[in-house]
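**Q** Following this message is one structure expressed as structure tokens.
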Amino acid sequence: MKITSKLMALIVVLVLFGGITITSWLGWWATETSKTPVKFAEGEAAGEYNPADIRGSYSFGDVSELFEIPLADLQAAFRLPADDPAAFQLKSLEALYAGLETEIGTASVRLFSAWYKGLPYEPTEETYLFPEAIEILKAQASLTPDQIAYLDSHVAI
């Protein structure tokens, strides 16, 4: 059987739009990202959001809501502007603190959020926090001696 160009065009259109329609109907088609991190599947933290999945597109309001961290603690820990800290996006941290010798960015928020909530998290890179963030963690979180030593050696000034 020979496939004509008209038949091929019809097949392409049906596959393309049929695929979109079916996946939309099944809930698999998404054109917008959801700001919901994955959850731990096992261990003591099963069912909790995984801080390693925090993205730069999240705002501090998202982090506060998802991880149940008071916005005031996040604002103090990351020296956020007072006007609207909830709308401040994590990806803007690096630009805000570009003049520092050490980097404060999304990885810093991941570390802070994980240890604030007592969730398992191993930094994948050298991650620094401001002294205010370290003070908040020491006051609010149940840190191990290794975590305290890490924080004491990774202070951003």
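**Q** Out of the residues in segment 89-111 that are under 15 Å from LEU66 (Cβ atoms) and in contact (Cβ under 8 Å) with a residue 40 or more places away in the chain, which is surrounded by the fewest Cβ atoms within 10 Å (Cβ to Cβ)?
**A** Ranking the qualifying residues of segment 89-111, first place goes to THR106.
**Q** So, in segment 62-77, exactly how many residues are farther than 15 Å from LEU119 by Cβ and open to solvent by less than 20 Å² (accessible area, probe 1.4 Å)? Explain how you work it out, then say what you get.
**A** Step one: list which residues in segment 62-77 are farther than 15 Å from LEU119 by Cβ, which gives 62, 64-65, 70-77.
The next check asks that each one be open to solvent by less than 20 Å² (accessible area, probe 1.4 Å); those that pass are 74, 77.
Qualifying residue count for the region: 2.
**Q** Before we move on, is ALA46 in contact with a strand residue (DSSP E or B) (Cβ under 9 Å, 6 or more places away or on another chain), among the aliphatic types (A, V, I, L, M), over 23 Å from GLU125 (Cα atoms) and surrounded by fewer than 11 Cβ atoms within 10 Å (Cβ to Cβ)?
**A** Yes; evaluated as a whole, the condition is true for this residue.
**Q** For ALA72, state whether it is of a type in the set (A, V, I, L, M) and more than 22 Å from THR124 (Cα to Cα).
**A** yes
**Q** Which of the numbered conditions does PRO145 fail, given that it passes all the others? Conditions: (1) over 17 Å from the mean Cα position of the chain (by Cα); (2) open to solvent by less than 30 Å² (accessible area, probe 1.4 Å); (3) without any contact (Cβ under 8 Å) to a residue 40 or more places away in the chain.
**A** (2)
**Q** Between SER57, SER34, which is polar (S, T, N, Q), at pLDDT 85 or above and surrounded by fewer than 18 Cβ atoms within 10 Å (Cβ to Cβ)?
**A** Of SER57, SER34, the one residue that is polar (S, T, N, Q), at pLDDT 85 or above and surrounded by fewer than 18 Cβ atoms within 10 Å (Cβ to Cβ) is SER57.
**Q** May I ask you to list the residues in segment 112-130 that are among the β-branched types (Val, Ile, Thr) and surrounded by fewer than 22 Cβ atoms within 10 Å (Cβ to Cβ)?
**A** THR124
**Q** Right, here's the next one. Could you list, in sequence order, the residues of segment 75-90 that are under 20 Å from TYR121 (Cα atoms) and touching a Ser or Thr at 6+ places or on another chain (Cβ under 8 Å)?
**A** The answer is PHE78, LEU90.
**Q** Let me ask something else about it. If the requirement is being at pLDDT 90 or above, touching a helix residue (DSSP H, G or I) at 6+ places or on another chain (Cβ under 8 Å) and within 23 Å of ALA156 (Cα to Cα), which of these qualifies: PHE67, PHE78?
**A** Values: PHE67 fails: within 23 Å of ALA156 (Cα to Cα).
Among PHE67, PHE78, only PHE78 is at pLDDT 90 or above, touching a helix residue (DSSP H, G or I) at 6+ places or on another chain (Cβ under 8 Å) and within 23 Å of ALA156 (Cα to Cα).
The values are calculated or read from the model by the stated rules, or taken from the named source; none is laboratory data. Just so it is clear, the model here is predicted, and its values are computed rather than measured. Neighbour counts are summed over all protein chains in view; Cβ atoms, including those assigned to glycine, are modelled from backbone coordinates with ideal geometry. Quick note on the areas: whole protein, heavy atoms, side chains included, nothing else; ligands and nucleic acids left out. Shrake-Rupley method; radii C 1.70, N 1.55, O 1.52, S 1.80 Å.
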